[in-house]
Each structure stands twice: as structure tokens, then as C-alpha cells.
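Novice: Here it is, the structure in full.
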Amino acid sequence: MGIFTDISGLKNIGIIGIGNLVGSAISALFWIYLAALLGAENYGELGYYISIAGLATSISFIGGPMAITVLTAKKVKIESTIFLLSISASLISALVLYIAFTNIGLSVFVLGAVIYNLAAAELLGRKFYKKYSIYFISQKILFVVFALIFYYIIGPEGVLLGIGLSFLPFVERIYRGFKTTGLDFPLLKTKLKFISNNFFLDLSWILDRQIDKLLIGPLFGFTILGNYYLAIQLLNMLAVFPEIVTKYTLPEDSSGTNTKKIKLLTVLFSVVLALIGIFIVPQVLPILFPEYAGTLEVVPIISLCIIPTTISTLYISQFLGNEKSGHLVLTSIISIIVLVIGILSLGQMFGMFGLAYSLLISDIVRAVMLFLFTHFEKNHA
């Protein structure tokens, strides 16, 4: 049968998709409103601190969320043990951030983000797709409400605090996990290699996604970072569909379901998304953001990133589903090195264009490496 008529799990993808589309639309509209409200410099500074919080959150995961999704899908009862480790690490990270920056918003963000991502990972692992979608939409609504309330009370710092508080109601799912599965450190020991690889993978991924912002802010200034950050937000909007599919394919790959057809369809659709970013978004952007001229220049380049990013994401799902995350760590490290070299060289020479091409080259390198690793695995199976 054809690729468009024989796609297993289309209903479940639709359930996840509705949740992600609604939630992401709410989030995207908020970030667009915030960009116009703050201006490029303040928007860039906020993006810089969110990158710091994201890095601290990833460190605090200790590989937990991905491990929970994969192992729960395989009926391995390890949730409580991973919950304990990740939440303990997040408390330490929150304390360190508060001492370093005296910003309660950063600390609450890290603690809340760890709690929410653990809860969401457990729901996906159990294939509770409808409940996951409800959680996702609820968090985005709370995110906008709390962020705006605290922004108008205490200024830009209030956005971070509001985001962090929007995660905390989902502690109920963590509490339920502790009640239903006991602590099992001997079981944890048998999965330590996989979880450790996931930790380094989480860390390499977040560095891959945030190192550009962490470098651009100090090296090029917050105004340039604000323009770049808006372009990244637009890329994130285009990436919603591939993310939806991945949240379906990871637990399905983990339990042995064939997802090749839906993955191929997703790659084809990413080409359509890239064309939208190249030809349509630049027509709308000047109307909404006349002061973000730098964003307009690089949107077509950054839109191309959606194609290699989609390919990489789907290969990552396959490797994680087979508990083979070692290759992913190496791939991310090389991608980070390419990105940093690009920012320091192309960014200095060509400004915003150099920064955009650095991101695109880094994404292409990662996709090619994952393709090569996949075919190497097949040839040596």
C-alpha cells in the first residue's frame, strides 16, 4: 500500500498533534507579543537567561526524561528512582543559580521544568497520548497567564518566574509515580549505561540548542541576539509538526513498532515547511516587527534548517528506541564544535548572515552523521 494510506498510529499522532499545535500556537503568539513588547535588546537579554536556565535544566535531568519514556514503554518500572535523582539534582541547580544570579525566576524555572518534563515523559512512555496533550495545552496556558502577570508586576524577570510557576502544578503526576512504583536502585544499576548516555546526550543537545545564544549575547550584544532569537522562535514554529511525530515515534520505536512510512512523510512535509519559511514568512515579518530588520535578513536561511533538523530528530528517535544513545552524544558534540567555530568565524566576518549559516551548516553535519551511523549499524548488524 502507499505511504499516504498505510500509516500505523495516525490517530495517536493526531491526538498528540492537536495538543502540540494548540499549545505551541499559544506559546508562539505569546513570544511574538513579547518580542514586540520588549524590543530587540530586552528580548535578546531574556533569551540569554532562558538559555542559562535551559542548560541548568538539562544538567538536572541526569538523562531522566528520555530514559523514562523508553523504559516505561518497555514496561520497566523505574519511574520513582529516576524522579528522585532528577528532582534532587534540580534542587541543587536551583540553589546554585540563585547564589550566582540572585534571580528567583531562574531557580523556579529549573525546578519546574524538571518536574514537568519528567511527568510528560512518563505519560508518553505509557502511551497516554490524550492525557499528554491535555498536560501540554494546560502548561502553555498557565505559562502565558503567569508570565504576563509577573511581567507587569516585576518586569522582564517576571517572565522567567511565570514560566517556572506554570510547570509546578504537574507535580501531582510525580507524586502519583512515587505511589505506584517503588525505589529500585539495583534496577537503576542495570540501566546506568543507557541513562548515563542520555545524560550526556541531554547535555550535548541543550548545548547544541543554546550555545549559540550563550555566545552571541556576550560577543555580539543583546540587540543582535534579539533579532537572532526571534528567527529561532519562527524556526521553532515551523518545527512543531516534526516534534509531534517524534513524540509519537519514540515510544513506538521503543516497543518495536515500524514507523518508517510516517517518518518519510514527515521529511517530505519538512520541505514544504522550509518553503513557507523562505517565501511567505519574509512577507509577513516586516508588518509585525518593523524594528527587527536583522531577523528579516536571515529567516530564509534559518528556515532551511527545518529539513536537516527533521531528519536528525527522526534518526534520534530510532537510536533511542533501541537504547543506543552513544552515537547521538558523539554526533551532538561534533555539531556543537561546528556551530561554535562558525559563530566565531562566519559570525565575526558576516554578522547575522554568518550566524544563520553557522546554524544551518551545524544542522546539516548532524543529519549527515546520523545517516552514516544508521547505515553503518545496518551493514554490521
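The values are calculated or read from the model by the stated rules, or taken from the named source; none is laboratory data. Nothing here was measured: the structure is a model prediction, and the numbers come from that model. Positions of Cβ are generated from backbone atoms using ideal geometry, with glycine treated the same way; all protein chains shown enter the neighbour counts.
Quick grid of which residues meet (1) surrounded by fewer than 23 Cβ atoms within 10 Å (Cβ to Cβ); (2) acidic (Asp, Glu); (3) closer than 16 Å to LEU46 by Cα:
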| position | (1), (2), (3) |
| --- | --- |
| ALA100 | yes, no, no |
| GLY105 | no, no, yes |
| LEU118 | no, no, no |
| ILE137 | yes, no, no |
| TYR151 | yes, no, yes |
| VAL159 | no, no, yes |
| PRO169 | yes, no, no |
| ILE174 | yes, no, no |
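Novice: Which one of these is small (Gly, Ala, Ser) and buried (at least 19 other Cβ atoms within 10 Å of the Cβ): SER345, SER362?
Specialist: SER362
Novice: Continuing with this model, one more query. Can you find, within region 246-270, the residue that is surrounded by the fewest Cβ atoms within 10 Å (Cβ to Cβ) among those that are of a type in the set (Gly, Ala, Ser) and either out of contact with any helix residue (DSSP H, G or I) (no Cβ under 9 Å at 6 or more places or on another chain) or in a helix (DSSP H, G or I) (or both)?
Specialist: SER254
Novice: Taking region 176-226, which residues are surrounded by fewer than 15 Cβ atoms within 10 Å (Cβ to Cβ), outside any helix (DSSP H, G or I) and in contact with an Asp or Glu (Cβ under 9 Å, 6 or more places away or on another chain)?
Specialist: Within region 176-226, just GLY221 meets the criteria.
Novice: Residues to consider are LEU161, LEU207; find the one that is modelled with pLDDT of 85 or more, within 23 Å of the chain's Cα centre (by Cα), within 16 Å of PHE109 (Cα to Cα) and not basic (Lys, Arg).
Specialist: LEU161
Novice: Within region 191-231, how many residues are within 30 Å of LEU123 (Cα to Cα), touching a helix residue (DSSP H, G or I) at 6+ places or on another chain (Cβ under 7 Å) and not aromatic (Phe, Trp, Tyr)?
Specialist: Of the residues in region 191-231, 13 are within 30 Å of LEU123 (Cα to Cα), touching a helix residue (DSSP H, G or I) at 6+ places or on another chain (Cβ under 7 Å) and not aromatic (Phe, Trp, Tyr).
Novice: With the structure loaded, tell me whether LEU111 is free of Cβ contacts under 8 Å to residues at least 60 places away in the same chain and more than 18 Å from ARG173 (Cβ to Cβ) or whether it fails that test.
Specialist: Taking the combined requirement at face value, the residue does not satisfy it.
Novice: May I pose another question? Hey, LYS324 hits all of (1) in a helix (DSSP H, G or I); (2) at pLDDT below 85 but one; which does it fall short on?
Specialist: For LYS324, the exception is condition (1).
Novice: When you go through ILE278, ILE287 one by one, which is the residue that is β-branched (Val, Ile, Thr), assigned to a helix (DSSP H, G or I) and out of contact with any helix residue (DSSP H, G or I) (no Cβ under 7 Å at 6 or more places or on another chain)?
Specialist: Residue meeting the stated conditions: ILE287.
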